[in-house]
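S.K.: I'd like to ask you about the structure that follows.
The values are calculated or read from the model by the stated rules, or taken from the named source; none is laboratory data. Remember, it's a predicted structure, so these values are computed and weren't measured experimentally. Glycine gets a Cβ as well: all are built from the backbone with ideal geometry, and neighbour counts include every protein chain shown. Each accessible area value is taken on the protein alone, full model and side chains, heavy atoms only, with ligands, DNA and RNA left out. Shrake-Rupley method; radii C 1.70, N 1.55, O 1.52, S 1.80 Å.
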Amino acid sequence: MTILVTGGTGKTGRRIADKLTTLGHTVRVGSRSGTPPFDWTDRDTWAPALAGADAAYLAYQPDLIVPGALDDIRAFTELAVRSGVRRLVLLSGRNEPEAQACERVVRESGLEWTVVTCGWFMQNFTEGYLLESVLDGAIALPAREVAEPFVDADDIADVAVAALVEDGHTGRTYELTGPRLLTFADAAAELSKATGREIAYIPITMEQYAAGAAEHGVPGDVVAMLTTLFTEVLDGRNAYVADGVREALGRPARDFTDFAAAWAQSTS
Ligand SMILES: NC(=O)c1ccc[n+]([C@@H]2O[C@H](COP(=O)([O-])OP(=O)(O)OC[C@H]3O[C@@H](n4cnc5c(N)ncnc54)[C@H](OP(=O)(O)O)[C@@H]3O)[C@@H](O)[C@H]2O)c1
């Protein structure tokens with residue numbers, strides 16, 4: 001199969017691209033650095049990326065909760081249908097009304113679809129915007145004491161690959177989480193234990209967080225998106241574990257302790 005992997009250099013997309021390539025599929029990386037380049041903000045780049053693709057993994061940027069995402073997902077999905085794509089796998093958030101509207105577009109597209117809904121990735125700490133804080137030993141966030149079942153990007157990738165190339169996942173929505181609830185303080189403690197270095201969680205207010213991000217040059221719309229994620233999405237609504245990894249793959253999800261140990265070993 002020829003498969004377009006949007007976000008194909010990112011936390012889930014890179015893993016999906018690698019796994020698909022290993023399985024012998026032809027992968028087209030859908031990102032601004034891909035060939036051809038694919039940019040969510042430039043619709044002229046979409047058709048060349050979709051041309052000849054049998055299936056696509058859809059990881060929107062920057063997030064399905066931002067204004068304009070629904071229009072983009074609708075236009076992309078319609079173009080995918082016209083381009084002859086047969087199968088679509090959508091990466092979505094958990095219990096976010098804006099993301100759920102995008103999920104409905106994919107479900108109603110007439111394509112073979114699978115939706116994977118995910119909470120916070122474990123890899124935000126080691127590959128994402130929290131890496132610098134982790135390396136500095138202080139994760140300052142307005143996350144209060146809300147617990148989150150952090151999910152491993154490798155588990156997401158395994159589920160997405162199965163949905164892209166195997167039978168039996170069409171029409172399914174998999175809610176993917178790790179096997180355990182952790183607060184951000186718990187996650188910091190796990191990373192400390194794994195690395196042998198003190199990594200503290202420092203609770204701060206939303207105002208302190210927004211001011212700090214702006215000081216570091218984070219653009220205003222990104223600050224707005226992050227504060228929405230911390231206020232509206234990290235409000236306790238997702239403080240439960242789901243069984244999507246086992247439902248899709250027949251095996252348990254990876255625990256944060258194992259993730260942290262593997263990361264510490266790979267960087268030591
Ligand atoms: N991180 C989480 O905890 C989490 C949780 C749930 C859902 N999600 C969802 O996962 C998706 C990926 O988010 P992420 O933060 O983890 O990022 P990511 O996938 O690690 O990295 C971003 C990827 O998108 C590409 N990209 C960036 N801007 C782009 C643009 N304008 N057009 C096309 N491609 C672009 C980047 O490649 P180039 O730089 O080459 O363009 C890169 O491949 C988002 O939809 C997010 O809402 C994330």
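S.K.: In sequence order, what are the phi-derived ³J(HN,Hα) couplings for region 172-188 according to the Karplus relation 6.51 cos²θ - 1.76 cosθ + 1.60 with θ = phi - 60°, rounded to whole Hz, with x for glycine and proline?
M.R.: 9, 10, 9, 8, 9, 9, x, x, 8, 7, 9, 7, 5, 5, 4, 5, 4
S.K.: Probe radius 1.4 Å, ligands and nucleic acids ignored: give me the carbon and sulfur share of the accessible area of region 74-164 as a rounded percent. Don't jump to the answer; show the numbers that get you there.
M.R.: Numbers: 1440 of 2980 Å².
Roughly 48 percent, rounded to a whole number.
S.K.: Between Arg107 and Asp44, what is the label-point separation in nm under the 7 Å Cα-to-beta-carbon projection?
M.R.: Placing both labels 7 Å beyond Cα along the Cβ direction yields 3.7 nm.
S.K.: Now, a different point. With a probe of 1.4 Å, find how much accessible area the chain has per residue, and write the answer as a whole number in Å².
M.R.: Per-residue value: 43 Å².
S.K.: Which FRET efficiency, nearest 0.05, do Thr9 and Thr205 yield, Cβ-Cβ r, R0 30 Å?
M.R.: Numbers: r = 34 Å, r/R0 = 1.13.
So, using R0 = 30 Å, E works out to roughly 0.35.
S.K.: Using the Karplus curve 6.51 cos²θ - 1.76 cosθ + 1.60 with θ = phi - 60°, work out ³J(HN,Hα) for each residue of region 245-256 in order, rounded to whole Hz, and write x for Gly and Pro.
M.R.: Couplings: 5, 5, 4, 7, 10, x, 9, x, 6, 6, 7, 4 Hz.
S.K.: For the pair Leu249/Ala261, report the inter-label distance in nm, with labels modelled 7 Å from Cα in the Cβ direction.
M.R.: Those two pseudo-labels are separated by 1.7 nm.
S.K.: Hey, can you grab everything whose amide H is under 5 Å from the amide H of Val151? Only 5+ residues off in sequence or another chain; H modelled, so Pro and N-termini drop out.
M.R.: Those qualifying (amide H under 5 Å, at least 5 residues apart or on another chain) are Trp120, Phe121, Met122, Gly178.
S.K.: For the chain, what's the relative contact order in percent, using C-alpha pairs closer than 8 Å and at least 6 residues apart? The partial results should precede the final answer.
M.R.: Working: 492 pairs, mean separation 47.9, N = 268.
Over the chain, the number comes to 18 percent.
S.K.: Quick check: with the 1.4 Å probe, what order do Lys11, Lys193 take by accessible area, largest first? Can you show the working numbers first?
M.R.: Numbers: Lys11 55, Lys193 150 Å².
If we order Lys11, Lys193 from most to least accessible, we get Lys193, Lys11.
S.K.: His25 accessible area, nearest 10 Å², 1.4 Å probe?
M.R.: Counting only protein heavy atoms, the figure is 40 Å².
S.K.: So, R0 is 41 Å and r is the distance between the beta-carbons of Ala185 and Asp221; what FRET efficiency does that work out to, to 0.05?
M.R.: With R0 = 41 Å, the Cβ-Cβ based efficiency is 0.90.
S.K.: Run the 1.4 Å probe and let me know the accessible area of Asp136, rounded to the nearest 10 Å².
M.R.: Surface accessible to solvent at Asp136 totals approximately 120 Å².
S.K.: Within region 235-256, name every residue whose backbone N is under 19 Å away from a label modeled 7 Å from Cα of Thr173 along the Cβ vector.
M.R.: Only 235-249 fall inside the zone, counting backbone N under 19 Å.
S.K.: Counting other Cβ atoms within 10 Å, keep those with at most 14, restrict to DSSP loop, and tell me which trypsin sites (Lys or Arg not before Pro) in region 205-268 are left.
M.R.: Answer in residue order: Arg237.
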